[in-house]
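The values are calculated or read from the model by the stated rules, or taken from the named source; none is laboratory data. Every value quoted in this text rests on a predicted model; they were computed, and no experiment measured them. Here the Cβ positions follow ideal geometry from the backbone for every residue, glycine too, while neighbour counts run over all protein chains shown.
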């Protein structure tokens with residue numbers, strides 16, 4: 001497919017993580033624009049298989065996948081949902097098991113794949129969607145972070161479209177100039193629930209406080225990442241990989257109102273910002289409809305009412321994750337795969353009560369240092385393959401859990417299982 005010459009033709013969309021917040025909002029977008037979109041396939045982790053079944057029946061999804069229950073259980077749930085809805089004769093293609101999301105991602109009847117899975121477990125489906133030649137609307141930043149050059153090499157020009165609100169904002173603002181006119185990318189951060197706290201004040205925060213985000217309703221992992229600024233660190237690396245801007249020319253600014261989602265500064269001193277009330281339906285609609293806008297996707301700013309927007313520098317002493325990630329990403333290889341996997345395990349350990357809040361980023365830093373030392377001793381792998389990424393992740397998970405006082409990870413770790421829960 002020629003991704004440089006996309007049209008407004010009707011698009012069939014496969015949604016990975018359909019029962020999470022990204023997936024459910026995507027279904028809202030599709031339902032509101034039936035002339036533009038229809039559903040080609042749905043997949044979910046399986047924590048809420050009844051909701052997945054109801055979604056599939058409601059949209060008559062041709063293909064449905066689930067990771068953590070059997071095909072027979074999925075078939076039974078769909079049958080019950082169809083009976084409740086008074087629907088007969090609906091028999092979709094079913095996939096079950098750990099490869100279900102990848103099979104839905106490669107489903108041939110799709111035009112677009114929206115990857116809304118949380119965690120690096122989304123890497124295989126990302127690669128499957130790209131290999132199948134589908135436009136990929138990416139809300140699963142971790143697959144790009146972990147896969148890095150592997151994902152970039154698999155993507156044709158224009159095939160990868162960002163859905164995170166910050167990167168969607170940058171993609172929109174970049175239309176205001178040519179590539180050689182870009183000076184800097186500026187990602188905005190709400191500051192999370194701990195904005196303004198010093199490092200010493202963060203020592204005793206609780207998991208309940210960490211997930212109480214002031215702006216966005218997100219799942220446990222993403223909310224905790226936002227509180228620690230790891231989420232913003234990952235977004236900096238994602239921006240570097242998506243837009244090919246050097247890391248030293250990507251900045252973070254704290255903007256508590258979350259109305260400006262990110263900015264592009266150009267060489268003539270002009271800065272273009274994308275502004276809208278916080279609502280993920282806008283970047284979702286733009287992602288699956290790229291490069292065309294979908295009328296009525298979300299409400300606009302109300303310019304008739306007075307408002308104040310504030311901007312503050314990031315306190316890197318209290319929140320060192322951004323600087324840590326930039327250094328790791330600059331070293332390349334599987335360093336960011338290790339960073340991300342160690343963080344997923346440390347977040348899980350924090351919510352289990354095994355470590356404190358500050359220990360999350362400290363654990364990530366220590367595991368990354370361990371990998372540097374290991375690479376210096378035995379040599380770093382230079383062949384960046386899926387197997388190499390997965391091997392590095394397994395090593396990082398084991399190392400992180402050991403540092404957190406937990407046992408070796410199971411084949412499907414607690415953090416990976418959380419990833420299957422999508423953005424709840």
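Go over the candidates 29, 69 one by one and state the one that is touching a helix residue (DSSP H, G or I) at 6+ places or on another chain (Cβ under 8 Å) and part of a loop (DSSP other than H, G, I, E, B). The unique qualifying residue is 69. In the stretch 214-234, of all residues being under 18 Å from residue 255 (Cβ atoms) and surrounded by fewer than 19 Cβ atoms within 10 Å (Cβ to Cβ), the one that is modelled with the highest pLDDT corresponds to 214.
When residue 44 is tested against (1) outside the structural domain of residue 143 (by TED's automatic domain parsing); (2) buried (at least 19 other Cβ atoms within 10 Å of the Cβ), exactly one condition is not met: (1). Residues in the stretch 159-207 that are farther than 23 Å from residue 280 by Cβ and within 22 Å of the chain's Cα centre (by Cα): 207 alone.
Checking 100, 56 one by one, the residue that is assigned by TED's automatic domain parsing to the domain that holds residue 24, buried (at least 24 other Cβ atoms within 10 Å of the Cβ) and over 19 Å from the mean Cα position of the chain (by Cα) is 56 and no other.
The condition of being outside any loop (DSSP other than H, G, I, E, B), surrounded by fewer than 22 Cβ atoms within 10 Å (Cβ to Cβ) and touching a helix residue (DSSP H, G or I) at 6+ places or on another chain (Cβ under 7 Å) holds for residue 94. Here residue 333 meets each of (1) crowded, with 16+ Cβ neighbours inside 10 Å; (2) at negative phi; (3) outside any helix (DSSP H, G or I); (4) touching a helix residue (DSSP H, G or I) at 6+ places or on another chain (Cβ under 9 Å) with one exception, condition (2). Across the stretch 16-29, not a single residue is classified as over 24 Å from the mean Cα position of the chain (by Cα), at pLDDT 95 or above and either over 22 Å from residue 141 (Cα atoms) or surrounded by fewer than 16 Cβ atoms within 10 Å (Cβ to Cβ) (or both).
Residue-by-condition table, conditions (1) in a helix (DSSP H, G or I); (2) out of contact with any strand residue (DSSP E or B) (no Cβ under 7 Å at 6 or more places or on another chain); (3) touching a residue at least 60 places away in the same chain (Cβ under 8 Å):
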residue: 274; (1), (2), (3): no, no, yes
residue: 287; (1), (2), (3): yes, no, yes
residue: 329; (1), (2), (3): yes, yes, yes
residue: 338; (1), (2), (3): yes, yes, no
residue: 347; (1), (2), (3): yes, yes, yes
residue: 350; (1), (2), (3): yes, yes, yes
residue: 360; (1), (2), (3): yes, yes, yes
residue: 367; (1), (2), (3): yes, yes, no
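Against the criterion of being at pLDDT 95 or above and under 23 Å from residue 362 (Cβ atoms), residue 325 qualifies. With the structure loaded, tell me whether residue 41 is outside any helix (DSSP H, G or I), in contact (Cβ under 8 Å) with a residue 40 or more places away in the chain and in contact with a strand residue (DSSP E or B) (Cβ under 9 Å, 6 or more places away or on another chain) or whether it fails that test. The answer is yes for residue 41. In the set 319, 350, only one residue is more than 18 Å from residue 119 (Cβ to Cβ) and either modelled with pLDDT under 95 or buried (at least 21 other Cβ atoms within 10 Å of the Cβ) (or both); that residue is 319. Consider residue 136 carefully, then state whether it is assigned to a helix (DSSP H, G or I) and either modelled with pLDDT under 95 or not assigned by TED's automatic domain parsing to the domain that holds residue 256 (or both). It is false that residue 136 is assigned to a helix (DSSP H, G or I) and either modelled with pLDDT under 95 or not assigned by TED's automatic domain parsing to the domain that holds residue 256 (or both).
Checking each residue in the stretch 103-118 for being out of contact with any strand residue (DSSP E or B) (no Cβ under 8 Å at 6 or more places or on another chain) and either more than 28 Å from residue 348 (Cα to Cα) or surrounded by fewer than 24 Cβ atoms within 10 Å (Cβ to Cβ) (or both) picks out 106, 108. Which residues, counting only those in the stretch 368-384, are modelled with pLDDT of 90 or more and within 22 Å of the chain's Cα centre (by Cα)? Passing the criteria: only 368.
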